[in-house]
Amino acid sequence: MSRKKELGALAGVLLPVALAFADLFTGRSFFIRDFARIYVPERAILRRLLVSGGFPFWNPFTAAGQPLAAIPTAEVFYPPQWLVLLPNLLMGIRLEIVLHFLIAAAGMFCLLRAMRLRAEASAFGAVSFALSGMMMSLISLLPCLFIMAWLPWLALFTRRALDHGHIPDLTAAALILGLMYLVAEPATMLQASALVLAYALYRRGLRGLRVAVAIGLLALLVGAGQLVPALDHQRDSGRGAPLPYEQVTQWSMAPLRPLELAGSELFGRYTSEGAYFLGSDHPSRVPWLFSWYCGLLAAALIVAGFVHRVRGWRFTAGVTIVSYLLALGRHTLVFHILYLAGLRFLRYPEKWFLPAAFVLLIFAAVAADRFLADAGFRRTTFRASLAFVALAAVALALAYTREAPPDVLAQTRLGALLTLATAVALSLILLARERPRAIVVLLALFTLADLIPRGRAVAPRIDDAWYAPPAITRAIPAGARVYNDADWEMALAPPADLPFAARWTRLRNAALPETQALWGLDGVLSNDVTLTNLKPSRAFAELFLRARFGGRPQLVPMLLSFAGATHVIALRDPLSPADPVRVVTLPGNARYWFATALAETAHITDPHPWPRGVAFTDAPFAPARGRVTRVRESGNGVDLDVAADGEAALLLAITPHKYWRAAIDGAPSTLHVANVGFQLLRVPRGVHHVALRYRNPLVVWCGLVTIVSALALLGAALRSRGSPPPSPR
């Protein structure tokens, strides 16, 4: 095929993928799950810090301040993340997501063409991958989406490096794996590395092992800017201690869940109004990944491919079996053995089925190529479609025998009926299997009609207005430090019986963490879902929660003053989406203040009432009075003008960390831990200027390694590749 036709075929792949997201450019955005509660606020904070002109070493707006560049979810060194600097933040985030779907589709098409598949089969594989239930579900799990989007390109250049031994191919593979390391989602990153190693051994044995090791080592240089600071941060954060086995194995895959590859709604149904799912063992009642559906045609081709043992069936079977055993989590001994062996920092076993879904979709494309050339294969594919009709009929019958809430049952039955109708439609198209070229267009339209609506269901949209400041924020001045008690109340209460859209409206109108960062509100004592907060913050949060919900309410005002909380968002009506909370002002609290008395930290929970102005530290002294006369804050530092009547104790509601440095009138001064999760500075008598600065040297030096390595590998990858491989059909 000529280059012009090749580019035309690629455009034919990218067009339907882009059109699947066309509504995002008409004022619509994603919003469910971690997307609204984690990823959009994190990007808002990153943008806020970058626009201010400083490098984002530190996030001063969340949980009394936390490291930012060292935390993988911030993805500071990952180039597509810089789209947050566009004038419209939501548009920048949408472009970042759509870009990765186009990267995924283009990469899969190029990979399949390099495998010498026909253009039709390659286009089918690329579209099926990009619009699969797996990829669309990952919109609410963005770090995993970013890594999976680059996986076809990694496979392409790894394969070329193994086959031709060209340095540009090896360096291109290393650069792409390095980009994945900059995303640094642990499980998905390890899976990509394991796939490179497994494929290299499978294809070239020990020679392949050398190539895989070279790719991995070079990729580590590119990823150093994120990996080294992240590992350093892990020791200082909630990830520093091994996670309990019960927490590690949350969201284990249900043993029958792989059947969902062939039936998108066998275990429930997703709509724009809600998630109606059966079979999850997680308290949220939804699985980690909303859908593993790969398309009914792809599923039929996979079955036929294994029956006929088409190219790559052994490797595909091996990866699928290993991934499945790992994904089962608590349902087998495999994950327990790995846990005992030290793999105690990775949560959610279901993630480990991602490699299986990836190689199965490649296998489906290989099978599609065989479908176009082999009448016997087409008959097997038709029989597989009839088996899916039977499976859907059984699922529909079982849906009438199960016990579940009425709305879940109703949606499950409707979903099973739609699955049955889809299977019947595919079988009818395949009746013309003796004329494969004549039904290519019908199968293409069927694939799009099968995947796009289901993809939209697991990645629903909402008007951009949802991200506008809710009414409650008008009662809170800019720069306020907010403790959202309503978030904890709702987290500890039984799930509210509200429609899906109403639950998300309530989330917004309650300004729940971390969404409050979108509207310029600093948060304290928020729930550390990602377990990345520093240990002092976690210790203080545990102390506070024991007081708040453990029968020690007299300690709550004092602890809130230590955090510098100026306002509380309190629960008013948990069943009211429009007006669920109220605001309580806490007068007199400030982020920087002088203690009037000091006591040992061990006495912080003593039952007797402490006077206002007391603080707790491991080295108390008799402090003089002091005053803060001026405050200037930046992303990575604070400047204070103070006056002290004698040696005074300046309290800083800033989380302590080893990279903070303090100076009084330019002379270095020691910071002390105070009030469990904050800091204290001893200020001598007189008027002084206090400067605090946060710099992480690992981010600086490892970031330079990343930049130099990435540029060097990019230059090597762009060199002439020598004689090209044989042209695909």
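The values are calculated or read from the model by the stated rules, or taken from the named source; none is laboratory data. Note that the structure is predicted; figures quoted are calculated from it, not measured. So basically every Cβ, Gly included, is an ideal-geometry build from the backbone, and we count neighbours across all protein chains shown.
Which number in (1) surrounded by fewer than 17 Cβ atoms within 10 Å (Cβ to Cβ); (2) in contact with a Leu (Cβ under 8 Å, 6 or more places away or on another chain) marks the one condition that LEU68 misses?
That leaves (1) as the condition not met.
Of the residues in the range 422-442, how many are in a helix (DSSP H, G or I) and surrounded by 14 or more Cβ atoms within 10 Å (Cβ to Cβ)? Step through it out loud before you land on a result.
Initially, the range 422-442 is screened for residues in a helix (DSSP H, G or I), giving 422-430, 436-442.
In the following step, the residues that additionally are surrounded by 14 or more Cβ atoms within 10 Å (Cβ to Cβ) were identified as 422-427, 429-430, 436, 439-440, 442.
Residues meeting the conditions: 12.
With (1) touching a residue at least 12 places away in the same chain (Cβ under 8 Å); (2) closer than 26 Å to THR320 by Cβ; (3) out of contact with any helix residue (DSSP H, G or I) (no Cβ under 6 Å at 6 or more places or on another chain) as the list, and ILE176 as the residue in question, which single condition is left unmet?
Here ILE176 meets the rest and fails (3).
Have a look at GLY54, GLY92 and point out the one that is in the same structural domain as LEU156 (by TED's automatic domain parsing), surrounded by fewer than 23 Cβ atoms within 10 Å (Cβ to Cβ) and in a loop (DSSP other than H, G, I, E, B).
Going through GLY54, GLY92 in turn, the sole match is GLY54.
Could you identify the single residue in ALA397, ALA444 that is of a type in the set (A, V, I, L, M, F, W, C), out of contact with any Pro (no Cβ under 7 Å at 6 or more places or on another chain) and without any contact (Cβ under 8 Å) to a residue 60 or more places away in the chain?
Values: ALA444 fails: without any contact (Cβ under 8 Å) to a residue 60 or more places away in the chain.
After ruling out the rest, the residue left standing is ALA397.
Could you tell me how many of the residues in the range 469-519 are assigned to a helix (DSSP H, G or I), under 26 Å from the mean Cα position of the chain (by Cα) and either of a type in the set (Lys, Arg) or farther than 29 Å from GLN411 by Cα (or both)?
As a first pass, look at the range 469-519 and keep what is assigned to a helix (DSSP H, G or I): 471-475, 485-492, 500-509, 515-519.
When the remaining residues are screened for being under 26 Å from the mean Cα position of the chain (by Cα), the result is 485-492, 500-509, 515-519.
Narrowing further to those that are either of a type in the set (Lys, Arg) or farther than 29 Å from GLN411 by Cα (or both): 485-489, 503, 506, 508, 515-519.
Result for the range 469-519: 13.
Cβ-Cβ below 9 Å, separation at least six or inter-chain, first residue in the range 449-467 and in contact (Cβ under 8 Å) with a residue 40 or more places away in the chain, second surrounded by fewer than 18 Cβ atoms within 10 Å (Cβ to Cβ) and of a type in the set (Asp, Glu): which pairs?
ARG456/ASP23; PRO460/GLU273; ARG461/ASP23
I need every pair where a residue in the range 109-126 that is in contact (Cβ under 8 Å) with a residue 24 or more places away in the chain and assigned to a loop (DSSP other than H, G, I, E, B) has its Cβ under 6 Å from the Cβ of a residue that is surrounded by fewer than 24 Cβ atoms within 10 Å (Cβ to Cβ) and acidic (Asp, Glu), sequence separation at least 6 or different chains.
none
In the range 60-89, which residues are in contact with a Ser or Thr (Cβ under 8 Å, 6 or more places away or on another chain) and in a strand (DSSP E or B)?
THR62, GLN66
May I ask you to list pairs of residues, at least six apart or on different chains, whose Cβ atoms are under 8 Å apart, with the first in the range 502-517 being closer than 15 Å to ARG572 by Cβ and crowded, with 23+ Cβ neighbours inside 10 Å and the second being at pLDDT 85 or above and hydroxyl-bearing (Ser, Thr, Tyr)?
ARG506/SER576; ALA511/THR473
Do you know which of the residues in the range 223-253 that are in a loop (DSSP other than H, G, I, E, B) and in contact (Cβ under 8 Å) with a residue 60 or more places away in the chain is surrounded by the fewest Cβ atoms within 10 Å (Cβ to Cβ)?
Taking the range 223-253 first, the residues in a loop (DSSP other than H, G, I, E, B) are 241-244, 249-253.
From what's left, in contact (Cβ under 8 Å) with a residue 60 or more places away in the chain: 242-243, 249-253.
Working: PRO242: 13, LEU243: 17, THR249: 21, GLN250: 21, TRP251: 21, SER252: 25, MET253: 29.
Ranking the candidates gives PRO242 first.
Considering only the range 665-687, state which residues are assigned to a strand (DSSP E or B), over 28 Å from LEU560 (Cβ atoms) and in contact with a strand residue (DSSP E or B) (Cβ under 9 Å, 6 or more places away or on another chain). Talk me through it step by step, then tell me what you get.
Of all residues in the range 665-687, those assigned to a strand (DSSP E or B) come to 667-669, 671-674, 678-683, 686-687.
With the extra rule that they be over 28 Å from LEU560 (Cβ atoms), the set shrinks to 667-668, 686-687.
If the condition is that a residue be assigned to a strand (DSSP E or B), over 28 Å from LEU560 (Cβ atoms) and in contact with a strand residue (DSSP E or B) (Cβ under 9 Å, 6 or more places away or on another chain), then PRO668, GLY686, VAL687 are the ones that fit.
Residues of the range 402-421 being among the hydrophobic types (A, V, I, L, M, F, W, C) and either in a helix (DSSP H, G or I) or buried (at least 17 other Cβ atoms within 10 Å of the Cβ) (or both), which ones? Before you say what the answer is, go through the steps one by one.
Filtering the range 402-421 for residues among the hydrophobic types (A, V, I, L, M, F, W, C) gives 404, 408-410, 414, 416-418, 420-421.
Result: VAL408, LEU409, ALA410, LEU414, ALA416, LEU417, LEU418, LEU420, ALA421.
Take the residues in the range 341-398 that are over 20 Å from TYR293 (Cβ atoms) and charged (D, E, K, R), then tell me which one is nearest to the chain's Cα centre (by Cα).
The qualifying residue nearest to the chain's Cα centre (by Cα) is ARG347.
Would you mind stating whether GLY415 is within 30 Å of ASP369 (Cα to Cα), in contact (Cβ under 8 Å) with a residue 24 or more places away in the chain and in contact with a Ser or Thr (Cβ under 9 Å, 6 or more places away or on another chain)?
Working: within 30 Å of ASP369 (Cα to Cα): no; in contact (Cβ under 8 Å) with a residue 24 or more places away in the chain: yes; in contact with a Ser or Thr (Cβ under 9 Å, 6 or more places away or on another chain): yes.
No.
List the strands (runs of 3 or more DSSP E) inside the range 560-654, counting only whole elements, that have at least 2 residues being surrounded by 17 or more Cβ atoms within 10 Å (Cβ to Cβ). I'd like the intermediate steps shown before the answer.
Numbers: elements: 567-571, 581-585, 592-594, 597-600, 614-617, 626-634, 637-644, 648-652.
Per the criteria, 567-571, 581-585, 592-594, 614-617, 626-634, 637-644, 648-652.
Can you confirm whether PHE335 is modelled with pLDDT of 90 or more and of a type in the set (Phe, Trp, Tyr)?
no
Out of all the residues in the range 485-515, which are touching a strand residue (DSSP E or B) at 6+ places or on another chain (Cβ under 7 Å), modelled with pLDDT under 85, of a type outside the set (Asp, Glu) and under 14 Å from THR62 (Cβ atoms)?
LEU512, PRO513
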